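Since the structure comes first, as C-alpha cells, the remarks are kept for the end.
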Amino acid sequence: MTENTDPNYAVQLDAQDLLAHFREQFVIDDPDLIYLDGNSLGRLLKKSSTLAQDLVERQWGKQLIRGWNEGWIDLQAQIGGKIGQLIGADADEVIVADSTSINLFKLALAAVKFNNGRSKIITDDLNFPSDLYILHGVAQLAERPLQVQVVPSDGIYGPVEALAAAIDNDTALVALSHTTFKSSYTYDLTAVTQLAHNAGALMLWDMSHSVGSVPADLHAANVPLAVGCTYKYLNGGPGSPAFLYIQREWQARLGNPITGWMGHAEMFAFDLDYQRDTGLRHFLTGTPPVLSTALIEPGVDLLLAAGMDQLRAKSVQQSSYLIDLWHAWLEPLGFRLNSPEDATQRGSHISLGHDDGWRISQALINEMHVIPDFRQPDNIRLGIAPIYTRFSDIYEGMRRLRQVVTDRLYERYPAAQNTVT
Ligand SMILES: *Cc1c(COP(=O)(O)O)cnc(C)c1O
C-alpha cells in the first residue's frame, strides 16, 4: 500500500492506461482544476460544443420547421437505442424523454395499475429522494392508495435480506437505484429482480448513477422496467433529458399515464381520439427538447467506443486506488469510508464521511481547486468518470483534500450550507 502514495505511481498508471486518450475529446481548459463530480454533471465534449453551434445556427436557424423531417423526430429513439447498448437492452426498448423523475412516475404508475389490487410499493432509504417523493405521489394516484414501504439500510449497504422479507404477494412494485447516490452501493440486478418476480411484483431500476460507469445487462437480468439520467456519466449536459426502458414483452401491457400526441400512433394525423403507438413511443408525451436531446449523442458514442467493460475495469482500479490513499492519508485524519470497500458492491463514486465534511468540501473547492460534491449528513462524494478522470487527478485530489485538513483551511468556512451543493 505504501508505494501508492508515491506520485510517480499515478503517473505510471496514467501512462499504462489504454483509455487515457479519450480525455482529449473533452473541453478541459483549466489544467489545475481537479474535477471529481462527473457523477453529478459530466464534462463537456468538444464534439458537443460544435454540435450545439450547428444545432442552433444551421438546424434551427436555416432548416427551421423542416428540421423535424430531417432527423429531429427520430432523435429520441435513435439515441435511446444507443443507450440500450450500454445497458444490455435492444434498440427498440429504450427511448429518451422527459426527466428521470417524470419517467419514473410514468413507469411506476403504469406498473401499479397493471398490478391493481396489490397494496405495496417497496423501496429502500438509499434511494434518491426524488424517487421516494415520486413513489409516494404514485401511491396516492392509484385506484386504491398503496403503502410505500421504505426498507431501512445501515446507510451504506443495500438491505437485501430485509427487502427479500418485505417483498411479498401483496407487492405491486419494487423500485430501487441500481447504484445508490450516497454510498455508491450497487445492487445485484439479477438477484433482486428475481426476488420481485418470485412474488409477482414488477421491478423498476433507476440506473442514473450507474449508466456509463457500471455495466448492466438488463436482458440477462430479465429486468422489465428501468429509467436513467444522461447528464451524469453520459455527459449529456445540464438538465439533458433522461431515458426509459421497457422490456419488449411489457410494452403492450403497460399504459403511459401521461398520454400525449407524441405517443399517438399517428401524431400528425391530429386525430381527436388517442390511439396509442404500438411500440415504446406510446410512453412519450409532448414535444421533445431537440437541442438538449441531440447533445446526448456524442457522449454515448464515446462511451460505446471505449467499451463498458474497459471503462468498468478502469473505474474499479481508480476507486481502489482512491481507497488506498484514504487508508494511507485520510483515515488517520478522521475520514470514514462511507462506500463499500468491496469493488463488486460499489459504483464509480466514493463517499468519504467527516464531521466537518461540509466545511472541508467548501475549502477544497475554493482554496484547492478540487470539485467534489457534498451530500448530507457528512459525505464528500468523489466521482470517478473513467472516460476522462486520470489517476493523477485522484492522487492530486486526495493530496489536496489531506492538506485542507492538515493545514486547517476549512476552519475559515461557516457551517451553514448553500442550496445547490
Ligand atoms: C440524478 C438522479 C435523478 C435525477 O432526477 P431528475 O428528474 O433529473 O432531477 C433521479 N434519480 C436518481 C437515482 C439520480 O441519481
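The values are calculated or read from the model by the stated rules, or taken from the named source; none is laboratory data. Owing to the predicted nature of the structure, the values given are computational and were not obtained by experimental measurement. Here the Cβ is made from the backbone with ideal geometry for all residues, glycine too, and neighbour counts use every protein chain on show. When the accessible area is computed, the model is the full protein with side chains, heavy atoms only, and any ligands, DNA or RNA have been set aside. Shrake-Rupley method; radii C 1.70, N 1.55, O 1.52, S 1.80 Å.
Structure notes:
- Selected residue [farther than 21 Å from D217 by Cβ, at pLDDT 95 or above and not assigned by TED's automatic domain parsing to the domain that holds A242] from L330, L291, L295: L330
- Across region 214-257, the number of residues qualifying as in a loop (DSSP other than H, G, I, E, B) and open to solvent by 60 Å² or more (accessible area, probe 1.4 Å) comes to 9.
- Matching helices (runs of 4 or more DSSP H) fully within region 1-98 where at least 2 residues are within 30 Å of R248 (Cβ to Cβ): 75-87
- Among the conditions (1) open to solvent by 10 Å² or more (accessible area, probe 1.4 Å); (2) more than 11 Å from the ligand (Cβ to nearest atom); (3) not in a helix (DSSP H, G or I); (4) not polar (S, T, N, Q), the only one that H197 does not satisfy is (3).
- Among the residues of region 271-285, the one identified as among the aliphatic types (A, V, I, L, M) and over 29 Å from the mean Cα position of the chain (by Cα) is L272.
- Filtered residue count, region 371-397, keeping only those that are in a loop (DSSP other than H, G, I, E, B) and closer than 28 Å to A15 by Cα: 8
Listed here are the residues, each with its yes/no results for (1) outside any strand (DSSP E or B); (2) charged (D, E, K, R); (3) surrounded by 15 or more Cβ atoms within 10 Å (Cβ to Cβ).
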{"site": "R118", "(1), (2), (3)": "yes, yes, yes"}
{"site": "D131", "(1), (2), (3)": "yes, yes, yes"}
{"site": "L135", "(1), (2), (3)": "yes, no, yes"}
{"site": "V138", "(1), (2), (3)": "yes, no, yes"}
{"site": "E143", "(1), (2), (3)": "yes, yes, no"}
{"site": "I156", "(1), (2), (3)": "yes, no, yes"}
{"site": "L163", "(1), (2), (3)": "yes, no, yes"}
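- One residue alone among V211, V192, V174, V150 is touching a Cys at 6+ places or on another chain (Cβ under 8 Å) and either part of a strand (DSSP E or B) or closer than 28 Å to A313 by Cβ (or both), and that residue is V211.
- Among the residues of region 21-37, the ones that are open to solvent by 40 Å² or more (accessible area, probe 1.4 Å) and either among the hydrophobic types (A, V, I, L, M, F, W, C) or not assigned by TED's automatic domain parsing to the domain that holds A313 (or both) come to 2 in all.
- Whichever residue in region 392-411 is open to solvent by less than 60 Å² (accessible area, probe 1.4 Å) and acidic (D, E) and, among such residues, is farthest from F335 (Cα to Cα): D393
- Some residue of region 337-350 being assigned to a helix (DSSP H, G or I) and of a type in the set (A, V, I, L, M): yes
- Of everything in region 334-374 that is among the basic types (K, R) and crowded, with 19+ Cβ neighbours inside 10 Å, the residue that is nearest to S177 (Cα to Cα) is R346.
- Scanning region 61-98 for residues that are open to solvent by 50 Å² or more (accessible area, probe 1.4 Å), out of contact with any helix residue (DSSP H, G or I) (no Cβ under 8 Å at 6 or more places or on another chain) and within 16 Å of the ligand (Cβ to nearest atom) gives no hits.
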